Structure formats: C-alpha cells, structure tokens
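The values are calculated or read from the model by the stated rules, or taken from the named source; none is laboratory data. The model shown is predicted, which means the values in this text are computed figures rather than measured ones. No Cβ is skipped: glycine too gets one built from the backbone with ideal geometry, and neighbour counts run over all protein chains shown.
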Amino acid sequence: MTQTPDNRLWLTAEHTKQYLQRAGSMPHREEGEAALLEFVPPKAGRILDLGTGGGRLMQIVRGAHPSARFVGLDFSPPMLETLRKQFGADPNISIATHDMARELPPLGPFDCVVSSFAIHHLTHERKRALYGEIYGVLAPGGVFLNLERVASPSEALHDQFLRATGLTRETEDPENILATVDAQVGWLREIGFADADCHWKWRELALFGGVRPGGAA
Ligand SMILES: C[S@@+](CC[C@H](N)C(=O)[O-])C[C@H]1O[C@@H](n2cnc3c(N)ncnc32)[C@H](O)[C@@H]1O
C-alpha cells in the first residue's frame, strides 16, 4: 500500500463530523475498548490519549479511572473544538494541539499512554519512531495500549473485513496506512517494551501494547 503522510482530511469539518456520527457503529469496537480497560494500570495517575478526536476513548478510560489526569492530543481543529466543548472546563483534562507526524512535545511522564484508531494514519517509519517516543514518556512500569486498525495479512482477508464493516475499497478511508499487528508488536519489542503483545483482535481491529520495564512488581 502506498504510504502518504498527507492526512489532511482530518483537518476538515466534514470528515470529522462523518467520523463522529458513525464511530459508535463500528462492529466489535466496544469489545476492544473493554479489553483496553483491563490493561490500564489500576493506579494510573496521568494518562495520555494520542489522536483523541472527540474524546471517546478518554471518556471510557476516565469512567474507570475518575481521579486520573488526562492529556488529549490531536491536530484537527474541528476535533479539538468538539473536545473543548465537552471537556474544556474539566480541571483533570488538558488538551494538546500537536501533529503526531512530528516528535512528541514534552508532556510526560505518564503512567499510561492510550490511543484508538489514530496512529494508523502515520507512515510506518513515523509509527515506529512514535512508539519509541511513547516509551520515552512512560514512567517505569507505565503501559502503552493501542486499539488500532491494522493490516490484514492477505487481500482476501482485507476484502472480508470491508464486507463485514459495510465498506468497500472505494469508501474506505484513503488516508489509512495500515501495518500488521505482528510488525507493530515486533517494533515494540525491539524498542524495549516488556510484555508486548496483541491482547485482542477482530479481523483488522486490534489491541496491542507493552510495558516500560522498571516499575514496582
Ligand atoms: C478515527 S479518529 C479516532 C478518534 C478517537 N481516538 C476515537 O477513537 O474516537 C482519528 C483521529 O486521529 C487524529 N489524527 C490523525 N492524524 C493525526 C496526526 N498526524 N496528529 C494528530 N492527530 C491525528 C484525527 O484528527 C482524529 O481525531
């Protein structure tokens, strides 16, 4: 698949509105979100949500960790506006404007970094570099969790995924740059994450992540 870092559609009001309207209807998504919650450290005090969009994942994680402080990061003005309307007055939520195509700004340390369906818009090279930066902002024992759209290992399986989700090659997001879960878990291991694994998967939806070693047992 051609890799392009030019994911400008997310900067438009129309694209973000369409996404927010159908986000809840993605099949099996809630299973992945529930699996993600299982891996958030029980005492996580600071949590970063990369590509937070309208804050769907942040809200889910906050429901289970109401006293945690969150940073939601995104680069889309319409998404950030939605986020500010919903969470702008919440003292436990900070909003960071940043393009993940560039190195993360100084924000850390965090006990947990989460992301849902955002990092697959970056080139593979940038994905891998970002995973290294995530490792860098995690406190020892901190956990990275990425609920993500991943590549099928074959064209036939990709077509099956599209059919199962009501998409076609014409209607799927042209700005997806999908990598296999195997490749991405491999990158996490190379970076030094412990317990790097795919924790849950349904076709092209996967939850994977790892732990920065060194925390208290
Ligand atoms: C499919 S939406 C997911 C939003 C949210 N995480 C959720 O699960 O509902 C993808 C999000 O990633 C953000 N995004 C895409 N590329 C980005 C980039 N280079 N830097 C920061 N955010 C980006 C988009 O603006 C959008 O909010």
- If you go through the range 21-59, how many residues are under 15 Å from the mean Cα position of the chain (by Cα) and among the basic types (Lys, Arg)? 2
- List the pairs whose first member sits in the range 68-85 and is closer than 22 Å to residue 122 by Cβ, whose second member is charged (D, E, K, R), and whose Cβ atoms are under 6 Å apart, counting only residues at least 6 apart or on separate chains? 72/49; 75/99; 80/74
- Task: Could you identify the single residue in 130, 147 that is within 11 Å of the ligand (Cβ to nearest atom), under 13 Å from residue 50 (Cβ atoms), part of a helix (DSSP H, G or I) and at pLDDT 95 or above?
- Result: 130
- Look at residue 48 and say whether it is buried (at least 17 other Cβ atoms within 10 Å of the Cβ) and on the phi < 0 side of the Ramachandran plot. yes
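Each row is one residue, and each column tells you yes or no for (1) at pLDDT 95 or above; (2) surrounded by 14 or more Cβ atoms within 10 Å (Cβ to Cβ).
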| residue | (1), (2) |
| --- | --- |
| 135 | yes, yes |
| 157 | yes, no |
| 163 | yes, no |
| 166 | no, no |
| 173 | no, yes |
| 188 | yes, yes |
| 191 | yes, yes |
| 196 | yes, yes |
| 209 | yes, yes |
- Query: For residue 57, all conditions in the list (1) within 18 Å of residue 110 (Cβ to Cβ); (2) of a type outside the set (Val, Ile, Thr); (3) modelled with pLDDT under 95 hold save one; what is the number of the exception?
  - Reply: (3)
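Quick one: which residue in 115, 76 is near the ligand (Cβ under 9 Å from one of its atoms) and within 24 Å of residue 191 (Cβ to Cβ)?
On the way: 76 fails: within 24 Å of residue 191 (Cβ to Cβ).
Selected residue: 115, the only one of 115, 76 that is near the ligand (Cβ under 9 Å from one of its atoms) and within 24 Å of residue 191 (Cβ to Cβ).
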- Answer with yes or no whether residue 61 is more than 13 Å from the ligand (Cβ to nearest atom) and of a type outside the set (S, T, N, Q). no
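Among the basic types (Lys, Arg) and in contact (Cβ under 8 Å) with a residue 40 or more places away in the chain: does that describe residue 189? Before you say what the answer is, go through the steps one by one.
Values: among the basic types (Lys, Arg): yes; in contact (Cβ under 8 Å) with a residue 40 or more places away in the chain: no.
Judged against the criteria, residue 189 is not a match.
Being out of contact with any Pro (no Cβ under 9 Å at 6 or more places or on another chain), outside any helix (DSSP H, G or I) and touching a residue at least 12 places away in the same chain (Cβ under 8 Å) is the filter here, so list the residues in the range 167-186 that pass it.
Of everything in the range 167-186, those that are out of contact with any Pro (no Cβ under 9 Å at 6 or more places or on another chain), outside any helix (DSSP H, G or I) and touching a residue at least 12 places away in the same chain (Cβ under 8 Å) turn out to be 173, 174, 175, 176, 178, 179.
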- Of the candidates 210, 141, the one satisfying the condition of being in contact with a Leu (Cβ under 6 Å, 6 or more places away or on another chain) and either touching a residue at least 12 places away in the same chain (Cβ under 8 Å) or acidic (Asp, Glu) (or both) is 210
- Task: Could you check, for the range 27-45, whether at least one of its residues is near the ligand (Cβ under 10 Å from one of its atoms), modelled with pLDDT of 95 or more and surrounded by fewer than 19 Cβ atoms within 10 Å (Cβ to Cβ)?
- Result: yes
- Note on the structure: Of the listed residues (62, 69), the one being of a type in the set (Lys, Arg) and either buried (at least 20 other Cβ atoms within 10 Å of the Cβ) or over 18 Å from the mean Cα position of the chain (by Cα) (or both) is 62
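Would it be correct to say that residue 94 is more than 9 Å from the ligand (Cβ to nearest atom), part of a loop (DSSP other than H, G, I, E, B) and modelled with pLDDT of 95 or more? Show your work before the answer.
Details: more than 9 Å from the ligand (Cβ to nearest atom): yes; part of a loop (DSSP other than H, G, I, E, B): no; modelled with pLDDT of 95 or more: yes.
The answer is no for residue 94.
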- Message: On the basis of being of a type in the set (Val, Ile, Thr), in a helix (DSSP H, G or I) and within 9 Å of the ligand (Cβ to nearest atom), does residue 16 make the cut?
- Response: yes
